[in-house]
Amino acid sequence: RTFSGAVIFLEILFGTIVWILVASTQVPLPLLQGWVMFVAVTAWFLSIVFLSVFLFGYANRIAVNWNQADFIFHGATFVFYFGAFLLQAATTSLHHLPRKFNSTTQETILSGREYNISIAASV
């Protein structure tokens, strides 16, 4: 019912979309996309926990400044998602880089479909 609850709900929704998009791509650089996936899954899970605290009324029982906790939570989530965006965008920008399997064939790191999914995940 509050603005904060709506923002957390949107975080859960968009976090699920990012999670699905990143998981559906080929992973040419596991270290970079592993961090993106970690951020998406962790932020998604913590958003559900944070929303549950408000939905089940635990916020009234726990003596915490919830405005400050909300600000810190969304600030930290922004920083981690921004870092994940940079890594996902860096992975996407390597689309045209050739990958040599042997001396006669060259393929790009991402196919056209995976490139489009990677762009959507970056956004």
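The values are calculated or read from the model by the stated rules, or taken from the named source; none is laboratory data. The shown structure was predicted, so the numbers you read here are calculated from the model rather than taken from an experiment. As a convention, Cβ positions derive from the backbone with ideal geometry for all residues, glycine included, and neighbour counts pool all protein chains shown. These accessible areas exclude ligands, DNA and RNA; they are computed on the full protein's heavy atoms, side chains included. Shrake-Rupley method; radii C 1.70, N 1.55, O 1.52, S 1.80 Å.
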Which FRET efficiency value, to the nearest 0.05, is calculated for residue 16 and residue 38 with the Förster distance at 22 angstrom and r the Cβ-Cβ distance? 0.90
Taking 7 Å along the Cα-to-C-beta vector as the label spot, tell me the residue 48-residue 78 distance in nanometres, rounded to one decimal. 2.6
Enter the accessible area of residue 115 (Å², nearest 10), with the probe set to 1.4 Å and all protein chains included. 70
Burial order of peptide ranges 34-41, 76-83 (average beta-carbon count within 10 Å, highest first): 34-41, 76-83
